[in-house]
Amino acid sequence: MLSDLVRSLVSPDEIYSMLKLKYSLNTQPTGVLSLQSIATMDSYEFCYALLNKVSRSFAMVIQELPEELRHPVCLFYLVLRGLDTVEDDMAYPLEKKLKLLVEFDDKLYEDGFKLTDCGSGDYKVLLEYFYHVVKEFKSLKRPYQETIKDICHKMGVGMAEFCQRKVVTLADYNLYCHYVAGLVGIGLSRLFSDSQLEEKELASQETLSNSMGLFLQKTNIIRDYLEDVNDGRIFWPDEVWKRYAEKIEDFRDRSDSQSRLGCLNWLIHDALSHVPDCLEYLAKLKDPKVFRFCAIPQVMAFATLALLYRNENVFMKVVKIRRGLSAKLMTSITDMNSVNNWFHHFALEVEKLIPPKDEDLQTFQLVQKIKQLTSTSQFVSSTFLTPKKTFGLVAAAGVVAAGLVYAY
Ligand code: MG
């Protein structure tokens, strides 16, 4: 954390947000889960311990959800994380993998189901003790179970399809992102709607829900270029990168700025084209906690894209937003107004970097549209959203003390 503090020295308010977040949330200690500690856990404890291990940021937002949704969303996440572990294990025999991907949803009703030979690290632990997830899944209300099973099935079938063919066209790219992320958005909308915390009609907003997932997934795919290429995985669509290079590794190996930035800009423009849908979706939400759960990742994604735009470091190292900035985003997003402000801010950040000549006209035009959408209050919350003090004054006071303690 010390290096994060140093990186945020230019923005003292980020340091404040980081400390505020660190000391006001109940986070689990890091480190590998010991087998001994797992042995003493019941299913419920196992699920939350694993959630904290496999995604600390997601664990944080999930645990802020309303009581009614916390457990279903936690299980939804763990089920899909298990499925994704199967997809990602390149050493797993293909035939076995394809069968398992399309049947994974049936395993959710198989008492005692576990996999001992798949994945690594905490993901392997998740599958080794998957019967805990099964047990908790079966305790959910029926409509939640149906949604999770249905989405798990569709995603598994889609993953199996892409285990056998590459992402070539732009349509493939959108379809793959739909399977692994758009379906998550669609499933979450159904869970929200079934909880009755959100309108019934939210479940039928599949295009908007899909865009919410695609915006996040495409941001990750763009950001993870180097890691994926080094691992021999390619998610950037051939149809796009082949316009700029002969081999996708050329972006890493040759410093031809014009071609690699051209390709990067193209993909960022494509990702940003989901922003209007994301704003429309967020404006439909009523519950403040559900809103924050959905909005925080979206704003983080926009912040990431603004950082990646025209940034050649994408081809040389891992580029991530400052922890201080992400803490500031997490603590400041409360309602549609704050989302509009942040989206507007990051649209301006991108605009500043667009070259003066009309080299990237399409991004320029899209940025104008986003600026207009976020400044005219076109998207206001569908009902009231009490601008809640998310962490409260007590936490704020604690931060000052904690900050002093931290200094030593
Ligand atoms: Mg995967």
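Rule-based calculations on the coordinates, nothing more; no lab input. If you're wondering where the values come from, they're calculated on a predicted model, not measured in any experiment. Note that we place each Cβ from the backbone using ideal geometry, even for glycine, and neighbour counts take in every protein chain shown.
Some observations on this one:
- Residues Y144, Y92, ranked from the fewest to the most other C-beta atoms within 10 Å, line up as Y92, Y144.
- A crude spin-label estimate for the pair K124 and H344, with each label 7 Å from Cα along the Cβ direction, gives 5.1 nm.
- For N337 and E110, the FRET efficiency from 1/(1 + (r/R0)^6), where r spans their Cβ atoms and R0 equals 45 Å, is about 0.45.
- Each of S257, S211 was scored by other Cβ atoms within 10 Å of its Cβ. Listed from fewest to most, they are S257, S211.
- Highest mean packing comes first when the peptides 76-88, 50-62 are listed by Cβ atoms within 10 Å, giving 76-88, 50-62.
- A DSSP coil position with no more than 12 other Cβ atoms inside 10 Å describes the following GluC sites (Glu not before Pro) in segment 238-332: E246.
- Label-point separation, E249 to E161 (7 Å along Cα→Cβ), nm: 3.0 nm
- Ranking L325, A283, Y309 by how far each Cα lies toward the positive end of the dipole of segment 279-339 (charges on Cβ) leaves L325 at the top.
- Annotation: for a label point projected 7 angstrom from Cα along Cα→Cβ of K286, residues of segment 173-204 with backbone N closer than 11 Å are 193, 196-202.
- Spin-label proximity, S375 to segment 237-269 - amide N less than 12 Å from point 7 Å beyond Cα toward beta carbon: none
- FRET efficiency for the I38 to N313 pair, using the beta carbon distance and R₀ = 25 Å, is estimated at 0.05.
- When you count the other C-beta atoms within 10 angstrom of each residue and take the mean per peptide, 121-134, 194-207 line up highest first as 121-134, 194-207.
- Residues V168 and S139, FRET efficiency given R0 of 45 Å [Cβ-Cβ distance, rounded to 0.05]: 0.60
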